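Participant: Below you'll find the structure I mean.
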Amino acid sequence: MRKLSRSWWQGLFVIATVAATIVVTLISLRDFQREVVPPENRPIQSQIAGYVSSNACRACHPGNYASWHASFHRTMTQVATPQCLPPDMDKLELAFNGREYKAERRGDKFFVRTRPESGSYGEPQQVVLVTGSHNLQILWLDTGEGRTLQQFPFGYIVAEKMWAPVTETFLIPPNVKEYYSTGAWNGACMDCHVTQGQSRFVAGNKWDSQVAEFGIACEACHSEGREHMERNRNPFRRFKIHLTTKSDPTVTNPASLKGLESGLACGQCHSVWAFNGMADKIEFNRHGAAFRPGAGDLSQRFVVQPNAPDHTEQKDFIRRTEPDFFHNRFWGDGMIRVTGREFNGVQASPCFRGGEFSCISCHEMHLDSPGQTDAKTWARTAQLKPKMDSDSACLQCHKDMTARLVAHTHHSAESSGSRCYNCHMPRTTFGLLRAMRSHQVSSPNVHESIAYGRPNACNLCHLDQTLGWAAQHLHAWYNQPVPELSEDDRTIAAAVQWILKGDAGQRALIAWGIGWESAQKIAGRDWLYPYLIYTLTDSYAAVRFDAWKSLRTLPGFSDFSFTYTAPDQTLGEAATRAYKKWLGEVRNVNAVYRRETAIDSDGRVRQDVFQRLRSARDEKPIFLAE
Amino acid sequence: MSRASKHALPGAQLADRNLRFGWWSLLVFLSLGAVLETLHGFKIGWYVDVGNETRRLMFTLAHAHGTLLALVNIAAGLTARFVERFALRSSVSIALIWAAILLPAGFFLGGIVIYDGDPGLGVWLVPIGAALLFYGIARIALDLSRRNQGR
């Protein structure tokens, strides 16, 4: 046999190597294609209109991509993976409303089985999506009906590392055990929790929902990016834009807009909005929002301001078909009372009338400002611009106030009473189990408390003072008229009235507000215990939660354990345990109680006042639709 | 063979020039590397922040190209010195030197001012430098090949 030459062997080696590389590439390609086949049991990301997704934006805008990636907008909705689901999901066993739930893990997928009362566990449902990441996480299950989702009835409270029935993570009447029906995510939640979602109703309760991107991504605020991306492949075009001050007309930059146009980029979701009509609703669900950031109105929708003169026909329709719609979202004077809808407040603020003021006066969606903190802190502090958690926010415009701060506030310059936010943006909105600052800039007045029940800024800090006391000071300092006051308004601390006879919304705000350090410093702590301990048995879970959280801020109770979702009897036992602890171990025997607090000299609540106020409690069911 | 002109330097001097330039250039761009390492070491945001990714890339490219082209100049000088019947053309010598200046300078200047994912205007020096480099390398390759053919 003829001996093969060395070059022949070399040639054979090269051919074999090339052939092997081709085979491996083809195998990889086949696997890659197999992976991108979209799942059929959940909403999917798909090619929608000119939307290209954040991956396309990343190459040219790495810094903005990084800050967005650090934000909680990105994780508003995520495909369920072990990385984004709460820890120890596979060990989860929960029971609620007569049903038991058990989770199990198969690879990187999680499933939930449900056992009805006196039944056996049913078929596993896959956990397919997760809403939220830093406050509350809500899980969504497949239903076997196309891309229709069903809510897992428990939510995970991130800060407390605990599971709670979703209905007990909202301020919802206690008799409401299940809120989200099957398909609610497709029909409602996805309107705002994804980028350019299309609900795509099929029939019955079946949906074929698709999104441009899960979470709130670049194009939610900058509008669809295909044209921008394609036209800017041309480097000469890019440099022309870089070297001139002209903005790129192929994309919207809300940061360069002002007033309404800027605000609506956020307000398209952060507002109470409604459809103009049924045709718009159908169009919206089928094709997604027609609104594009930069526009001056929401197109198929409108921002619902109860007292504004626009859209009267639509608002009348809402009043007829959903009588509690306004009550569950607004105070009686039209001020928003739920969180997440901040644009309603911004738009109704006097500052907004100037045409410059908008969300980005204080917040920024990317780490643009010099002196900005690290991305993690920024994301956790509402994406505020530097120093915007201080008076600097208001002093941007009200520059003259610096010189006459004390004359204006009648509080010492260092006092919490001299902080703009505390008086003009008090915590009168509620959501995610806590009170949050109103975004409607206003001046404190007692009339708002008398007429609409909204705690005023003075008494949210001076918890131990009466409405009459606040009214007198506001009259003396700002010449405000003193409203007509009841005997209780003149003699009983406003906070005591609100927590005993207020509606659930007021009770929640005060239960949270008592834990506010500034208020405790001003109003004292000794008298707060009995009220918080009593509120541990409130009929509304959200109120109990905040009472517990506030109780833990008081000396002696920092490690007090309490399950706010427990049955009534257990709640009562916990309150008794807390009361005994306070009376026997914690109570300051030398404490002096102001008469307005309705606490006797021995530290006990005056029963005559307590019983009278408690029996007068406003029991109207409240569901704060945050 | 390089064409003779009354301003042209003799072949040996051209080779020396590229050698000298190459070694000094190597010193400059190795020093730049040390500066970049220092920026990394102290985590200077202007260089390492994610938002300055383009600057970091541009400076890294300036460092890499400067160092590599310094070595190319040294290689060209040594080739002209030690390969028989081969001399650097004057135009090639100049092209390699300017390529070694314009390419890294373009990247470096492009990184001083950046526009998100785009470098600054200075980056337009890069294609000019690249063209000179292409000419210089191609010319050397051709001249070396022809030298062998003429044997």
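The values are calculated or read from the model by the stated rules, or taken from the named source; none is laboratory data. Just so we're clear, the structure is a prediction, and the values are computed from it rather than from any experiment. Note: ideal-geometry Cβ built from the backbone for every residue, glycine included; neighbour counts use all protein chains shown.
Participant: Among the numbered conditions (1) surrounded by 15 or more Cβ atoms within 10 Å (Cβ to Cβ); (2) over 17 Å from residue A:519 (Cβ atoms), tell me where residue A:417 comes up short.
Facilitator: (2)
Participant: Give, as residue ranges, the strands (runs of 3 or more DSSP E) completely inside the stretch A:194-252 that count at least 3 residues that are polar (S, T, N, Q) and away from chain B (no Cβ under 14 Å).
Facilitator: Correct list: A:194-198.
Participant: Looking at the stretch A:370-390 only, could you name the residues that are in contact (Cβ under 8 Å) with a residue 12 or more places away in the chain and farther than 19 Å from residue A:421 by Cβ?
Facilitator: The answer is A:370, A:371, A:372, A:375, A:376, A:379.
Participant: Return yes or no: is residue A:343 touching a residue at least 60 places away in the same chain (Cβ under 8 Å) and surrounded by 16 or more Cβ atoms within 10 Å (Cβ to Cβ)?
Facilitator: So residue A:343 fits the description; yes.
Participant: Restricting to the stretch A:28-56, count the residues that are within 14 Å of chain B (Cβ to nearest Cβ) and either of a type outside the set (S, T, N, Q) or without any contact (Cβ under 8 Å) to a residue 40 or more places away in the chain (or both).
Facilitator: Residues flagged as within 14 Å of chain B (Cβ to nearest Cβ) and either of a type outside the set (S, T, N, Q) or without any contact (Cβ under 8 Å) to a residue 40 or more places away in the chain (or both) within the stretch A:28-56 amount to 2.
Participant: Let me confirm something: among A:70, A:16, A:66, A:59, which residue is within 14 Å of chain B (Cβ to nearest Cβ) and surrounded by fewer than 13 Cβ atoms within 10 Å (Cβ to Cβ)?
Facilitator: Answer to the check: A:59.
Per-residue answers, yes or no, for (1) surrounded by 14 or more Cβ atoms within 10 Å (Cβ to Cβ); (2) under 23 Å from the mean Cα position of the chain (by Cα); (3) without any contact (Cβ under 8 Å) to a residue 60 or more places away in the chain:
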residue	(1), (2), (3)
A:127	yes, yes, yes
A:138	yes, yes, yes
A:146	yes, no, no
A:155	yes, yes, yes
A:166	yes, yes, yes
A:174	yes, yes, no
A:182	yes, yes, yes
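Participant: Now a separate question. Need at least 2 residues that are more than 14 Å from chain A (Cβ to nearest Cβ) and free of Cβ contacts under 8 Å to residues at least 40 places away in the same chain per element, so show me which helices (runs of 4 or more DSSP H) inside the stretch B:32-143 make the cut, counting only ones lying wholly within it.
Facilitator: Helices (runs of 4 or more DSSP H) meeting the threshold: B:53-82, B:90-112.
Participant: If I ask for residues that are in contact (Cβ under 8 Å) with a residue 40 or more places away in the chain and either within 18 Å of residue A:157 (Cβ to Cβ) or not assigned by TED's automatic domain parsing to the domain that holds residue A:154 (or both), which ones from the stretch A:88-124 would you list?
Facilitator: A:92, A:94, A:96, A:101 - these are the residues of the stretch A:88-124 that are in contact (Cβ under 8 Å) with a residue 40 or more places away in the chain and either within 18 Å of residue A:157 (Cβ to Cβ) or not assigned by TED's automatic domain parsing to the domain that holds residue A:154 (or both).
Participant: Before we move on, is residue B:88 modelled with pLDDT under 95 and surrounded by 21 or more Cβ atoms within 10 Å (Cβ to Cβ)?
Facilitator: So residue B:88 passes the test.
Participant: When you scan the stretch A:156-163, do you find a residue that is more than 21 Å from residue A:379 (Cα to Cα) and more than 14 Å from chain B (Cβ to nearest Cβ), even just one?
Facilitator: Yes: the stretch A:156-163 contains one or more residues that are more than 21 Å from residue A:379 (Cα to Cα) and more than 14 Å from chain B (Cβ to nearest Cβ).
Participant: Read through the list (1) closer than 30 Å to residue A:251 by Cβ; (2) within 29 Å of the chain's Cα centre (by Cα); (3) not assigned by TED's automatic domain parsing to the domain that holds residue A:159, then give the number of the only condition that residue A:38 fails.
Facilitator: Result: residue A:38 passes all but (2).
Participant: Of everything in the stretch A:73-113 that's over 30 Å from residue A:567 (Cβ atoms) and part of a loop (DSSP other than H, G, I, E, B), which residue is nearest to the other protein chains (Cβ to nearest Cβ)?
Facilitator: A:73
Participant: What tally of residues in the stretch A:587-614 results from selecting those that are touching a residue at least 60 places away in the same chain (Cβ under 8 Å), assigned to a helix (DSSP H, G or I) and either closer than 30 Å to residue A:188 by Cα or not basic (Lys, Arg) (or both)?
Facilitator: Looking only at that region, the number is 5.
Participant: Of all residues being part of a loop (DSSP other than H, G, I, E, B), over 22 Å from the mean Cα position of the chain (by Cα) and more than 14 Å from chain B (Cβ to nearest Cβ) in the stretch A:253-268, which is nearest to residue A:51 (Cα to Cα)? Just the residue, please.
Facilitator: Looking at residues that are part of a loop (DSSP other than H, G, I, E, B), over 22 Å from the mean Cα position of the chain (by Cα) and more than 14 Å from chain B (Cβ to nearest Cβ), I get A:257.
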